[in-house]
1. Given the conditions (1) over 20 Å from residue 77 (Cβ atoms); (2) outside any helix (DSSP H, G or I), report the number of the one that residue 139 does not fulfil.
2. Is there any pair linking a residue in segment 44-67 that is in a strand (DSSP E or B) to one that is within 12 Å of the ligand (Cβ to nearest atom), with Cβ under 6 Å and at least six apart or on different chains, and which?
3. Does any residue in segment 91-103 that is within 12 Å of the ligand (Cβ to nearest atom) come within less than 6 Å, Cβ to Cβ, of a residue that is of a type in the set (Phe, Trp, Tyr) six or more places away or on a different chain, and which pairs are these?
4. Are there any pairs with C-beta distances below 7 angstrom linking a residue in segment 30-41 that is polar (S, T, N, Q) to a residue that is part of a loop (DSSP other than H, G, I, E, B), with the two at least 6 apart or on different chains, and if so which?
5. Would you mind telling me which numbered condition in (1) among the hydrophobic types (A, V, I, L, M, F, W, C); (2) surrounded by fewer than 20 Cβ atoms within 10 Å (Cβ to Cβ); (3) without any contact (Cβ under 8 Å) to a residue 60 or more places away in the chain; (4) over 23 Å from residue 2 (Cα atoms) residue 182 fails?
6. Regarding segment 150-162, can at least one residue be identified that is modelled with pLDDT of 95 or more, of a type outside the set (A, V, I, L, M), within 20 Å of the chain's Cα centre (by Cα) and not in a helix (DSSP H, G or I)?
7. What is the residue count in segment 205-223 for residues that are surrounded by 17 or more Cβ atoms within 10 Å (Cβ to Cβ) and either farther than 18 Å from residue 15 by Cβ or not aliphatic (A, V, I, L, M) (or both)?
8. Is it fair to say residue 173 is at pLDDT 95 or above, surrounded by 14 or more Cβ atoms within 10 Å (Cβ to Cβ) and more than 16 Å from the ligand (Cβ to nearest atom)?
Amino acid sequence: MRRFDGKVAIITGAARGIGFSIAEAFASAGATTVIIDISEKSVQEAVRKLQSFEYKVIGFNADVTDGNRIDEIFKEITARYGHIDILINNAGITRDSLLMKMKEEDWDIVLNVNLKGTFICTQKISRILLKQKKGVIINITSIIGLMGNVGQANYAASKGGIIALTKSSAKEFGSRNIRVNAIAPGFIETEMTKVLPEEIVIKYLDAIPLKRMGRTKSISDLCLFLASEEADYITGQTIQVDGGLLM
Ligand code: NAD
């Protein structure tokens, strides 16, 4: 018997990076794992990769800001498996520039995907989880949402908003046995951080007490814990996984 046998876990933005690592962790722990991502080709590739290990994985191509499509997907999953146990709101983007020069469209798209996308998926799933009287939601925020960052006003605001949304939903859903927590990664090795200039990377590494970038596995391991029975009295929290960068 594996840790998540019989459970259904949905992960947004799971075609690559942190989301893919979370999907892999739940699938290898026995969960029926649902990958949602905006990139159709990457969804298919990710599903194929995980199915090659005989994991139970299905994929849907969707934009987390499209409420109707998300609703349709969640209803289809419920019809197929009878229940949904875990939602990980992971999809996120950056459009960095200094505040003075930031285009409104870059503000809007980052707030839309990161914050509104998390709200939409939370609202749509809540109807199902409230009826079931159980469920777990984990929101992937960022330490930038706690500390701010030069050139990332939009991203920081969206991630700070996710922390507040996490607390509000934990308060609203707690009495129905639904726990909502957030994970705030620091500086993790993915495509998102690959594009950073070398001098920024060196500056960060110098400021991180553990002196290295984080691995996606550190985030997925914490997701498994937060979704498990061992975490059944933890809700409304934002847990940092940042090598000690912010303390
Ligand atoms: P990534 O860019 O490698 O992956 C993000 C995935 O989300 C991609 O597959 C992309 O196609 C998908 N996506 C983007 N917009 C979407 C939309 N509208 N609807 C559905 N899917 C969409 O990023 P990552 O580094 O793996 O980051 C994952 C999450 O972790 C993000 O929320 C990010 O903000 C957060 N995070 C990352 C780091 C880091 O250092 N990498 C640090 C802190 C927080």
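1. The failed condition is (1).
2. Pairs that qualify, where the first residue is in a strand (DSSP E or B) and the partner is within 12 Å of the ligand (Cβ to nearest atom), are 59/35; 59/43; 60/36; 60/73; 61/40; 61/43.
3. Qualifying pairs under 6 Å: 94/155.
4. 32/56; 33/55; 33/56; 39/15
5. Just one mismatch for residue 182, condition (2).
6. There is at least one residue in segment 150-162 that is modelled with pLDDT of 95 or more, of a type outside the set (A, V, I, L, M), within 20 Å of the chain's Cα centre (by Cα) and not in a helix (DSSP H, G or I).
7. Looking only at that region, the number is 7.
8. Values: at pLDDT 95 or above: yes; surrounded by 14 or more Cβ atoms within 10 Å (Cβ to Cβ): yes; more than 16 Å from the ligand (Cβ to nearest atom): yes.
It is true that residue 173 is at pLDDT 95 or above, surrounded by 14 or more Cβ atoms within 10 Å (Cβ to Cβ) and more than 16 Å from the ligand (Cβ to nearest atom).
The values are calculated or read from the model by the stated rules, or taken from the named source; none is laboratory data. Bear in mind the structure is a predicted one, so any value in this text is a computation, not a measurement. Glycine gets a Cβ as well: all are built from the backbone with ideal geometry, and neighbour counts include every protein chain shown.
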